[in-house]
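A short reminder: the numbers here are calculations on the coordinates, not readings from a lab. Everything numeric here is computed off the predicted structure, so don't read it as measured data. Backbone-built Cβ (ideal geometry, glycine too); neighbour counts: all protein chains shown.
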Amino acid sequence: MKLVTAVIKPFKLDDVREALSTMGVQGITVSEVKGFGRQKGHTELYRGAEYVVDFLPKVKIEIAIADGMVDQTIEAISKAAQTGKIGDGKIFVSSLEHVTRIRTGETGEEAL
Amino acid sequence: MENDIFQLQYALDTFYFLVCGALVMWMAAGFAMLEAGLVRSKNTVEILTKNVALFAVASIMYMVVGYSIMYGGDIFLNAITGSGVVEGGEENSTYAPSADFFFQVVFVATAMSIVSGAVAERMKLFAFLAFSVVMTGFIYPLEGSWTWGGNPVFGLYTLGDLGFLDFAGSGIVHMAGAAAALAGVILVGARKGKYGPNGEVNAIPGANLPLATLGTFILWLGWFGFNGGSVLATASVDSANAVAVVFMNTNLAAAGGCIAALLVAKALFGKADLTMALNGCLAGLVAITAGPDTPSALQATIFGALGGLLVVFSITTLDKLRIDDPVGAISVHGVVGLLGLLLVPVTNGDASFSGQIIGALTIFGWVFIASLVTFYVIKMVLGLRVTEEEEYEGSDLSECGMEAYPEFSATR
């Protein structure tokens, strides 16, 4: 089992969610985060004083997925989240040791 | 028949006073929202509490002793009986004496409210309230007794005789409030992190600009009562005409101030700074407050625009002088309050420039020094400023024990 983590632009969330449902992913966790990669921040102004906003708002999606579906998932997310402009984000894949469904107690791939 | 007309005039003038007083009371909500919008969320509860409490303190202290100092009569308003008549008072009063108190007390609260924004985010709540007791019970009423009260300044000279004229209070209320605010800001010091060691000015953005905008509109509406009510009557053709002119000019001055500030901000910073536009509206209103009855409509608009122009430069200059004023109160009410006074002789022959200047110096001198002393005593006795850690965590937690937006924070 793998945990696929994707950091994407916030307005792309709906597109990514739809793409994932289409390929059969049943559940995702979404959090609002801040970050930057090579896309730097921007300058804002308040009553004559300038200040730099380094961190940009992003959305992080986490999906627990069976090993065989990883490549599909990466492709689906990439296609849906891409704009071609700087700041599109990144996808990380890590190993998932254990999964439990809280309601029923199922574990392993059945709990995905 | 003549008595009927007198009764009607009395009732109408009293009604007008009360409604205008209620509109000025509504300005307290305006200040509260404006200030809540321009401070950080961790300091929002404290500033709201300050605004609610200071209005209550002003109402009570002015009743206890302030009105008596300013206009004479017994303390605790003892002379005003239940039927609204002043025992031993004038037989031919044209409106109810309680209405006069009501209209005056909301002006006191306005002056006091100016201070709360300037010292926001770092002054202890109860230190501020202690100051408000002295300001509303003594400092402002004494100053008011020399101006609207017509008494000689410490027995030396009478401002009215010298050609001082301040229709609704650019100097008497607004500049006085700003003088107290300046004293407070000097003694409490700037917020941590506001000014860098090499003269940098760091932005500390307000948490809720919709509230700040709402507050400004509320103040704009309330100001019709502030200036309009200062005509002191409406039940005759002449006074009704005056009221209409005052309303019209008040509105135009606000509009002029808003546009001027917006354009100046765009020119100086390259962007349309909303907070400057909001301060511009208020600056326009303050600028016309000393003389809303005599200018023409165009003149009123221009006077307001001058206020809006001045306020932007004043705000940035105060920051360069490291005088930290989170809401621009000293600039809007003090610097432009002075401008408002100086504009009166331009259209009103009853006022003179020298009279206005002497009045301004008297008001500023007394209120600033008395406030400085009061704040200093409070600093020694109670302490003025929250600790560095409390300032970091937010005065909401240290002074009020609660958060303004608890669902947005991590703990829940």
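Among B:145-151, A:88-94, how do they line up by average Cβ neighbours within 10 Å per residue, starting with the highest?
On the way: B:145-151: 18.9, A:88-94: 14.7.
Averaged packing, sorted descending, gives the order B:145-151, A:88-94.
Span-like helices, chain B: DSSP H, alpha-carbon axial extent 30 Å or more, mean Kyte-Doolittle 1.0 or greater, which ones? Walk me through the numbers before you get to the answer.
Working: long enough: B:2-38 (54 Å, 0.97); B:97-118 (34 Å, 1.34); B:237-269 (48 Å, 1.47); B:297-320 (35 Å, 1.35); B:353-381 (41 Å, 1.72).
Result, helices passing both filters: B:97-118, B:237-269, B:297-320, B:353-381.
Take every Cα-Cα distance within the range B:273-412, group them into 10 Å bins from 0 onward, and report for each bin the whole-number percent of pairs it holds.
11, 27, 29, 21, 10, 3, 0
Just to confirm my understanding: which cysteines in chain B have no other cysteine beta carbon less than 4.7 Å from their beta carbon?
B:Cys20, B:Cys400
How long are the semi-axes of the equivalent ellipsoid of the range B:362-412, defined as square roots of 5 times the Cα gyration tensor eigenvalues? Whole Å, largest first. Each step should come with its number before you reach the end.
Numbers: eigenvalues 233, 35, 12 Å².
Over the Cα atoms of the range B:362-412, the ellipsoid semi-axes are 34, 13, 8 Å.
Taking one equal scatterer on every alpha-carbon of the range B:1-124, how large is log10 of I(q)/I(0) by Debye at q = 0.21 1/Å?
Listed by q, the Debye log ratios stand at -1.12.
Name the chymotrypsin sites (Phe, Trp or Tyr not before Pro) in the range A:1-81 that are in a loop by DSSP and that have at most 13 other C-beta atoms within 10 Å, would you?
On the way: sites: A:Phe11, A:Phe36, A:Tyr46, A:Tyr51, A:Phe55; in loops: A:Phe36, A:Phe55.
When the chymotrypsin sites (Phe, Trp or Tyr not before Pro) of the range A:1-81 are filtered for loop state and at most 13 Cβ neighbours within 10 Å, A:Phe36, A:Phe55 remain.
What is the percent of Cα-Cα separations in the protein assembly as shown that go past 35 Å?
Result: 45 percent of Cα pairs exceed 35 Å.
Which far-off residues, 5 or more places away or on another chain, put their amide H under 5 Å from the one on B:Arg385, with H placed in the peptide plane?
Counting only residues 5 or more places away or on other chains, the set is B:Lys124.
Students often forget the sequence filter, so: which lysines lie under 17 Å Cα-Cα from A:Lys34 once same-chain residues fewer than 8 apart are removed?
Excluding near neighbours in sequence, the set is A:Lys9, A:Lys12, A:Lys58, A:Lys60, A:Lys90.
Starting from the Cα of B:Lys194, draw a straight line to each of the aspartates and glutamates and keep only those under 15 Å, dropping any in the same chain fewer than 8 residues away.
Straight-line reach from B:Lys194, under 15 Å: A:Glu50, B:Glu121, B:Asp319, B:Asp324, B:Asp325, B:Glu388, B:Glu391.
Need one value for B:205-212: mean number of C-beta atoms belonging to other chains within 10 Å of its residues' C-beta atoms.
Averaged over the peptide's residues, the number is 1.
What are the equivalent ellipsoid semi-axes of chain B, built from the alpha-carbon gyration tensor (square roots of five times its eigenvalues), in whole angstrom, biggest first?
Listed largest to smallest, the semi-axes of chain B are 34, 25, 20 Å.
How shielded is A:40-46 by partner chains, expressed as the average number of their Cβ atoms within 10 Å of its Cβ atoms?
Across the residues of A:40-46, the mean count of other-chain Cβ atoms within 10 Å is 3.
Quick one: what does P(r) look like for the range B:226-311 with 10 Å bins over all Cα pairs, in whole %?
Going from the shortest bin to the longest, the percentages are 23, 43, 23, 9, 2.
Could you pull out every residue, at least 5 positions away or on a different chain, whose amide H is within less than 5 Å of the one on B:Asn151? Hs are placed 1.01 Å off N in the peptide plane, and Pro or chain starts have none.
Hits under the 5 Å cutoff: B:Trp146.
Averaged across the residues of B:313-322, what count of C-beta atoms belonging to other chains lies within 10 Å of each residue's C-beta?
Average neighbour count from other chains, rounded to a whole number: 1.
What is the calculated FRET efficiency for A:Ser78 to B:Phe126, with r their C-beta to C-beta distance and R₀ = 45 Å, to the nearest 0.05?
0.15
How large is the helix-only mean residue ellipticity at 222 nm for chain B, computed as the sum of -39500 (n - 2.57) over DSSP H runs with n ≥ 4, divided by its residue count, in deg cm²/dmol to the nearest 500?
Roughly -20500 deg cm²/dmol at 222 nm, from the helical runs in chain B.
Under a crude label model (7 Å from the Cα following the beta-carbon direction), how far is B:Ser236 from A:Thr100 in nanometres?
8.7 nm
When only alpha-carbon atoms count, how far does the range B:147-220 stretch along each of its three principal axes, as whole angstroms with the largest first?
47, 33, 17
Rg and Dmax of the range B:1-48, using alpha carbons, in Å: what are they?
When restricted to the Cα atoms of the range B:1-48, Rg and Dmax are 19.2, 62 Å.
Run a plain Debye calculation on the range B:182-265 (Cα atoms as equal point scatterers, no solvent) and give log10 I(q)/I(0) at q = 0.18, 0.19 Å⁻¹, rounded to two decimals, same order as the q list.
Once normalised to I(0) and log-transformed, intensities are -0.95, -0.99.
Which number comes out as Rg/Rh for chain A once both Rg and the Kirkwood Rh are worked out on C-alpha atoms?
On the way: Rg = 16.9 Å, Rh = 15.5 Å.
Using only Cα positions, Rg/Rh for chain A is 1.09.
Using θ = phi - 60° and the Karplus form 6.51 cos²θ - 1.76 cosθ + 1.60, what ³J(HN,Hα) does each residue of the range B:388-403 get, whole Hz, x for Gly and Pro?
4, 5, 5, 5, 5, 6, x, 5, 4, 6, 6, 8, 10, x, 8, 10
Using r as the Cβ-Cβ distance of A:Tyr51 and B:Leu298, and R0 as 30 Å, what FRET efficiency do you calculate, to the nearest 0.05?
The computed FRET efficiency comes out at 0.15.
Give me B:Arg191, A:Arg17 sorted ascending by neighbouring Cβ count inside 10 Å, so fewest comes first.
Working: B:Arg191 19, A:Arg17 15.
The order, fewest Cβ neighbours first, is A:Arg17, B:Arg191.
With the Cα gyration tensor of the range B:320-386 giving a ≥ b ≥ c as the square roots of its eigenvalues, does the rule (a/c under 1.5 for rounded; else a/b larger than b/c for prolate; else oblate) give rounded, prolate or oblate?
oblate
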